[in-house]
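The values are calculated or read from the model by the stated rules, or taken from the named source; none is laboratory data. Note that this is a predicted model, so its numbers are computed, not measured. Don't worry about glycine lacking a Cβ; one is built from the backbone with ideal geometry, like all the others, and counts go over all protein chains shown.
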Amino acid sequence: MNSYTDLVRVGVAGATGYTGVELLRLLARHPGVRIAAAMGSPGAAPRLVPSLKSLWDAPVDGLDLDALAESTDAVFLALPDQAAADVAPSLVARGKRVFDLSGAFRLRNAELRQRWYPGTLEQPPAVVYGLTERNRDLLRDSTLVACAGCYPTAAILGLQPLLQAGLVNLSGAPIIIDAKSGVSGAGKTPSERTHFSECHGSLSAYGVFDHRHAAEIEQELGTPVTFVPHLVPIDRGILETIYATLEPGVDEAAIAATLHAAYDDSPFVRLTGGDLPEIKHVAHTNFCDIGWKVNPRTRQLVLIVCIDNLVKGASGQAVQNFNVAFGFDERLGLN
């Protein structure tokens, strides 16, 4: 259990973005923390943020590394990749426990990291990949947690137990991950793609064979996948339809038994079986819902996995990682 006699002092860097605001909303109701600092990106001008009213009424200043380190025990980085890569090692060196929501430290392979996150010049030692349900034991002694990406969270939670149990046939058709995300997944900086008149009433694929989350998914699953993300005109949420071929003799009961063995002690994974989940079931929550169907004639498995991209796919999972790392009940601040 948590050994802190006082509240854990936490800071959020990048507090004005979607994930930063979501972090402050969650941390404000966490009984074991005190929000000690809320800062923007490096060089940002101080400003009041209307969406933080009653959570953080002071101006959000630009990032001041010294002030952030002096006032906190733990820091959440909701910064762009380059900024997170610059400041995380320094915070760790000053004895802070860091939970990084960017992709800067997720990839362990140096060549892939250079391609997708060129601003990360060096991977600090002992980085823990922050997918809570799969790495609880490593999180307990962590100092730098690279919180999992939103698309990878859904894909890995659905597939990894089945692959580790040898239920999926990897010699034939590839695993296909057809993923759809709300517009907030693109971040707060406006672009032509996320402009209301461009995405409203439409559905579009992007990043086909060229999305950095594919490398993250393949790293954790240990096998190639075909990953195709889509932008859907909703605020938040991810739904992934995953197709895989099963080994002979594997049926729905085997899928159910394997997933229940993996997640029956995980409070935020809900297994729905043939009652397939929907985005509205998980929106504004830290739940990951997993449903499945098996075609016994073709041995084809279809997994449906849903999360809220801003909560379980980002800020909620960061708080969940924090809870495990600091010995709190995993659910604090998230129920």
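The table that follows gives values for the structure above.
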{"item": "Verdict on Val145 being crowded, with 18+ Cβ neighbours inside 10 Å and free of Cβ contacts under 8 Å to residues at least 40 places away in the same chain", "result": "no"}
{"item": "First in segment 16-43 and closer than 17 Å to Pro59 by Cα and β-branched (Val, Ile, Thr), second anywhere and at pLDDT 90 or above and assigned to a strand (DSSP E or B), Cβ under 8 Å, 6 or more apart", "result": "Ile35/Val10; Ile35/Gly11; Ile35/Val12"}
{"item": "Qualifying residue in segment 48-56 (condition: part of a loop (DSSP other than H, G, I, E, B), surrounded by 15 or more Cβ atoms within 10 Å (Cβ to Cβ), in contact with a Phe, Trp or Tyr (Cβ under 6 Å, 6 or more places away or on another chain) and not assigned by TED's automatic domain parsing to the domain that holds Ala215)", "result": "no"}
{"item": "Residue list for segment 103-139, restricted to those being under 16 Å from Pro89 (Cβ atoms), small (Gly, Ala, Ser) and at pLDDT 95 or above", "result": "Gly103, Ala104"}
{"item": "From the options Val294, Val319, residue that is over 11 Å from Gly158 (Cβ atoms), in the same structural domain as Ala74 (by TED's automatic domain parsing) and not small (Gly, Ala, Ser)", "result": "Val319"}
{"item": "Single unsatisfied condition, Ala155 versus (1) crowded, with 24+ Cβ neighbours inside 10 Å; (2) in the same structural domain as Leu23 (by TED's automatic domain parsing)", "result": "(2)"}
{"item": "Residue in segment 19-43 that is farthest from Ala83 (Cα to Cα), counting only those that are modelled with pLDDT under 90 and surrounded by 15 or more Cβ atoms within 10 Å (Cβ to Cβ)", "result": "Gly40"}
{"item": "Selection count where residues are surrounded by 12 or more Cβ atoms within 10 Å (Cβ to Cβ) and at pLDDT 85 or above, scope segment 170-214", "result": "20"}
{"item": "Residue match in segment 24-39 (condition: more than 21 Å from the chain's Cα centre (by Cα), charged (D, E, K, R) and over 28 Å from Asp137 (Cβ atoms))", "result": "no"}
{"item": "Cβ-Cβ under 7 Å pairs, at least 6 apart or on other chains, segment 257-276 side within 18 Å of Val302 (Cα to Cα) and among the small types (Gly, Ala, Ser), far side at pLDDT 95 or above and part of a strand (DSSP E or B)", "result": "Gly273/Gly291; Gly273/Trp292; Gly274/Gly291; Gly274/Lys293"}
{"item": "Residue ranges of strands (runs of 3 or more DSSP E) in segment 241-321 with at least 1 members surrounded by 24 or more Cβ atoms within 10 Å (Cβ to Cβ)", "result": "288-295, 300-307"}
{"item": "Selection from segment 292-330 of residues that are over 14 Å from the mean Cα position of the chain (by Cα), within 27 Å of Ile177 (Cα to Cα) and polar (S, T, N, Q)", "result": "Asn295, Thr298, Gln300"}
